[in-house]
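The values are calculated or read from the model by the stated rules, or taken from the named source; none is laboratory data. Nothing here was measured: the structure is a model prediction, and the numbers come from that model. Using ideal geometry, Cβ is built from the backbone for each residue, glycine included, and neighbour counts are taken over all protein chains shown. The accessibility values were calculated without ligands, DNA or RNA, using every heavy atom of the protein model including side chains. Shrake-Rupley method; radii C 1.70, N 1.55, O 1.52, S 1.80 Å.
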Amino acid sequence: MDDLAQFKAAQRDVWAHFTPLEAITTRPAARLVRFSGIAASHRVLDVACGTGVVAVTAARLGARVTGLDLTPKLLERAHENARIAGVAVEWHEGDAEALPFDAGAFDVVVSQFGHMFAPRPAVALGEMLRVLRPGGTIAFSTWPPELFTGRMFALNARYLPPPPAGVSPPPQWGDPSVVRERLGSAVKDIVFDRETMYAPALSPAHHRENFERSSGAAQVVVQTLQKSDPPRLASYRREYEALVAEYFDANTVRQDFLLTRATKA
Ligand SMILES: C[S@@+](CC[C@H](N)C(=O)[O-])C[C@H]1O[C@@H](n2cnc3c(N)ncnc32)[C@H](O)[C@@H]1O
């Protein structure tokens, strides 16, 4: 297996614990669906759909929806979510960097905190634009590097071994100037907006505990340092809680994100 294939296999394990966090990505999903203008007549692809919060929201509007994700465990939950909602969604296990769909197959391609985790931005974006019809809408939600979630990923990265060469830091997708450059002349009419995801927590330490349970990235830090370097783990936990404290008010952690929408040229 080459380095990138190994990286993606590890990502599949890392994301397998994400299901409890669907409780907080559910509201932003409705925001992205509205922002992207999804309507009943549309064929919609949700890239890196996780447990299907965006896909199911779009399907409830009557759209014909396909969801794709790398992580089988999350797709099991996505099936369940569609069944409970009483909608039909076509689910695919797959990679955002190699979408198994025909060129121009979709009217709208969306991704919520998803395609930003594909290691090579140009490859994932190229695929998302390939399967979108000319005149169709691409829209995504991403974490800015300078705000809570982006800073949290940077903190984790400082405590983890470096990723293989060629893997781009996900929060670059949260910088409008980077997004504009990446979209380039393939699209027109780029629109940016901002929104907040709210995570309830009784204290910064509760947020850290929840995160360590549901984020593979944090679990890897904990597992690596617990035996090899407990003082460094304690330092990670202190830094994490200090970061959370900056965004914590009234039992809520504020996670601001960027929304991007554009029309395929
Ligand atoms: C933060 S979760 C977001 C899930 C969902 N979109 C939501 O908003 O709840 C990130 C998702 O990206 C998926 N993912 C990571 N790398 C991927 C890749 N290369 N191709 C497809 N999915 C990927 C993970 O499996 C995970 O479901």
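How big is the antiparallel share of DSSP beta bridges in the chain, given as a percent to the nearest 5? Write down the numbers at each step before the final one.
On the way: 21 of 40 bridges.
Antiparallel bridges make up about 50 percent of those DSSP assigns within the chain.
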Between Ala5, Ser235, Pro20, whose Cα lies farthest towards the positive end of the dipole of the chain when Lys and Arg beta carbons carry +1 and Asp and Glu beta carbons carry -1, centred on the Cα centre? Pro20
If one builds a Gaussian network model of the chain from Cα atoms under 10 Å apart, the most fluctuating residue listed among Val253, Val220, Val89 is Val220
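Could you state the per residue volume, in Å³, of the convex hull enclosing the Cα atoms of segment 1-129? Could you put the intermediate results ahead of the total?
Numbers: hull volume 12.3 nm³, N = 129.
Roughly 95 Å³ of hull volume per residue.
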How much net charge surrounds Ala9 when only the other residues with a Cβ under 15 Å from the Cβ of Ala9 are counted, with Lys and Arg +1 and Asp and Glu -1? -4
Treat every Asp and Glu Cβ in segment 125-265 as -1 and every Lys and Arg Cβ as +1, leave all other atoms uncharged, and give the resulting dipole magnitude about the Cα centre to the nearest 20 debye. 400
How do Trp173, Trp15 stack up against each other in accessible area, from largest to smallest, with a 1.4 angstrom probe? Trp15, Trp173
Just to compare against my own numbers: the Cα pair-distance distribution for the chain, 10 Å bins, whole % per bin, please. 7, 31, 37, 20, 5, 0
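Taking the Cα centre of the chain as origin, work out the dipole magnitude from +1 charges on Lys and Arg Cβ and -1 charges on Asp and Glu Cβ, in debye rounded to 20.
Working: 29 positive and 29 negative charges, 68 e Å.
The dipole of the chain has a size of about 320 debye.
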Given springs between every Cα pair under 10 Å in a Gaussian network model of the chain, which of Ala118, Ala218, Ala105 has the largest fluctuation? Ala105
D_trans [Stokes-Einstein, Kirkwood Rh over alpha-carbon pairs] for segment 56-105, 4 °C, 1.567 mPa s, µm² s⁻¹: 112
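May I ask you to rank Thr149, Thr57 by accessible area, largest first, using a 1.4 Å probe over the protein chains only? Walk me through the numbers on the way to the answer.
Details: Thr149 5, Thr57 40 Å².
From most exposed to least exposed: Thr57, Thr149.
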What would the Debye formula give as log10 I(q)/I(0) at q = 0.19, 0.22, 0.25, 0.27 Å⁻¹ for the alpha-carbon point model of segment 207-250, no solvent? -0.57, -0.73, -0.89, -0.98
With every protein chain in place, what's the accessible area of Tyr198 (1.4 Å probe, Å², nearest 10)? 100
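Ordering Arg213, Arg232 by accessible area with a probe of 1.4 Å, largest first, what comes out?
Numbers: Arg213 145, Arg232 90 Å².
Order by accessible area, largest first: Arg213, Arg232.
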For the chain, set up a Gaussian network in which alpha carbons nearer than 10 Å are linked by springs, and say which option among Gly67, Gly184, Gly104 fluctuates the most. Gly184
Debye equation applied to the C-alpha atoms of segment 23-77, log10 I(q)/I(0) at 0.12, 0.17 Å⁻¹: -0.23, -0.47
